[in-house]
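Accompanying notes for the structure given below.
The values are calculated or read from the model by the stated rules, or taken from the named source; none is laboratory data. This is a predicted model, so every value here is computed, not measured. Positions of Cβ are generated from backbone atoms using ideal geometry, with glycine treated the same way; all protein chains shown enter the neighbour counts.
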Amino acid sequence: MEARANNTPGNAVEITDLEKSFGSVRVLNGVSLTIKSNSILGLAGGNGAGKSTLAKCVAGHLKHEAGRIERNGVVAMVPQEFMLIPEMKVYENLFLGRELHRHGLLDKKEMIRRSAEALAKLESDVHPEDEVAGLNVARRQMVELAKSTVFPSSVIIMDEPTTVLNRDETDVLFTLLRRFRDGGGSVIYITHRLYELPEICDEICVMRDGDIVFHGPAGGVTPQEVARLMAGRSLDSLFPGRTTVSSNAEPIMEIENVSAGNKVRDVSFSLNRGEILGLTGLAGAGRTELAETICGMRGKTSGTIRIGGEPRRIRSMHDAHRAGISYLSEDRQGTALLLKSSVTDNTVLASLPSYAKHGVIDRKQCEATAKRYVEEFHTRTPGINAPVNTLSGGNQQKVAIAKGLDVKPRVFIFDEPTRGVDVGARAEIYGFMQSLAADGMSCILISSDLEEVIGNCSRALVMRGGELAGELQGDELTEEEIMYLATGIK
Ligand SMILES: Nc1ncnc2c1ncn2[C@@H]1O[C@H](COP(=O)(O)OP(=O)(O)OP(=O)(O)O)[C@@H](O)[C@H]1O
Ligand SMILES: [Mg+2]
């Protein structure tokens, strides 16, 4: 990542009175903002505040209706939702639409070389000739990051780049961003991980409902204050308090010696009724693979799964639903949602049979359900019949959760449920999870956010290399102990 030096030092982008609407919905209300050279600007705001829209206008991906954007150099952008073509190789994606040529022919060798170089700077193990379809979300994110750096630019916009990255990967990214800035570049950095703001930013800007409500030096505002500015009110504590499962609680799901090739190896545990069980570990430890195996999305090579004491054969998501298991995938755009379908259709997607009356789907009832979840989660949408791809990232996540809940599962496996969700909505989701547990539903919470696991669970499993490395309970459940087990250092 090298910054192309600016001719005129000072400002990289100057935005004046920018207005943008989608149909009758006004999303940017005359935004004015200056982005300096040699600077990292953090951009925070609640789900649907307009951050991605502003970013896309600055990058030139969206057209604004009024106002002005002056760019002093090339703007590159890492979008919030992946824009990669899964069937293509990594290097083909990196150079898509801007392929390199030599003597009139595609210069494959050079494209592969530059791709490898960009990936190496990110310390990624992705290979330029890997097919994107075979990569997990963290690796796809690396490809998106690499894509923004194969050509020189003076401004890089990153829209929630770290939601799927672990701490080490985040550190590598931050080092690159600082180097880019010190070489004269500017960064617009969008995040819901508010603690990242003082760490990486020079300035902070907070958006609310299409307006900028704060802009100042990063040292002048704490993450707590940013959260308050985002919400326009002060937020109560983020975690509603741990669940307590009485000691004679009955196991609802028993996993016995379950393996899936070498990704999941001989895992056994039981989940109690009304429990929120944490499942954590480093990226690649096999948490998602274990969830996929339980839900029949990944072939089980041995072992038994019992639900309510009965062994169940689960070979597809459909079987899982019938056994009373819901799964919220970490790959929202890939498997959790049908992007072009409406909020209503997505909400009832997995529970549709329950809306049939004499073989006919009761649309009114489907819509009533969608409406209820939209109200409950404060989902910002133009309407329940709007396609989900018109919702902001965090609001799409809320629809995906509603879809899983509407199956009325006995067991709900949440895989990184608060990915891209703002602090306020995050607290709502935790509260919701806790009240479901209180009503007897059992949850498995897969998360890399240790604070999230400790705040919500009274017991957590830690995975390492496809195996269970250990179980922590009560007072043992601390970040330190989790890290010991996750890394195997102790
Ligand atoms: N293509 C579209 N058509 C209609 N409405 C849209 C479209 N894209 C975005 N919107 C609306 O614009 C508003 C702002 O969306 P935006 O994606 O900019 O929010 P955001 O601040 O990035 O939120 P998040 O934190 O959830 O990513 C949302 O209410 C969204 O529903
Ligand atoms: Mg966004």
- Item | Sole exception among (1) at pLDDT 90 or above; (2) more than 18 Å from residue 271 (Cα to Cα) for residue 429, by number | (1)
- Task: Restricting attention to strands (runs of 3 or more DSSP E) lying wholly within the stretch 30-95, give those where 2 or more residues are under 18 Å from residue 160 (Cβ atoms) and in contact with a helix residue (DSSP H, G or I) (Cβ under 6 Å, 6 or more places away or on another chain).
- Result: 39-45, 75-78
- Message: Name the residue that is modelled with the lowest pLDDT, counting only residues in the stretch 151-175 that are more than 16 Å from ligand 1 (Cβ to nearest atom) and crowded, with 18+ Cβ neighbours inside 10 Å.
- Response: 165
- Message: Could you list, ordered by first residue, the pairs with Cβ atoms under 7 Å in which the first is in the stretch 38-57 and assigned by TED's automatic domain parsing to the domain that holds residue 25 and the second is of a type in the set (D, E, K, R) and within 8 Å of ligand 2 (Cβ to nearest atom), at least 6 apart or interchain?
- Response: 43/51; 45/51; 52/159; 55/159
- Going through the stretch 182-195 one residue at a time, which ones are closer than 18 Å to residue 14 by Cβ and either within 13 Å of ligand 2 (Cβ to nearest atom) or crowded, with 19+ Cβ neighbours inside 10 Å (or both)? 185, 186, 187, 188
- Query: Failed condition for residue 366, given (1) within 16 Å of ligand 1 (Cβ to nearest atom); (2) of a type outside the set (Ser, Thr, Tyr); (3) assigned to a helix (DSSP H, G or I), with all others met?
  - Reply: (1)
- Query: Does residue 329 satisfy the criteria of being at pLDDT below 90 and of a type in the set (Ser, Thr, Tyr)?
  - Reply: yes
- Residue check: is residue 464 buried (at least 16 other Cβ atoms within 10 Å of the Cβ), of a type in the set (D, E, K, R) and under 11 Å from residue 277 (Cβ atoms)? no
- What residue, among those in the stretch 368-390 that are surrounded by 18 or more Cβ atoms within 10 Å (Cβ to Cβ) and more than 16 Å from ligand 2 (Cβ to nearest atom), is farthest from the chain's Cα centre (by Cα)? 369
- Item | Boolean, residue 265 is in the same structural domain as residue 324 (by TED's automatic domain parsing), of a type in the set (D, E, K, R) and assigned to a strand (DSSP E or B) | yes
- Query: Of all residues in the stretch 105-162, which are part of a loop (DSSP other than H, G, I, E, B) and in contact with a strand residue (DSSP E or B) (Cβ under 8 Å, 6 or more places away or on another chain)?
  - Reply: 107, 128, 129, 130, 148, 149, 151, 152, 154, 160, 161
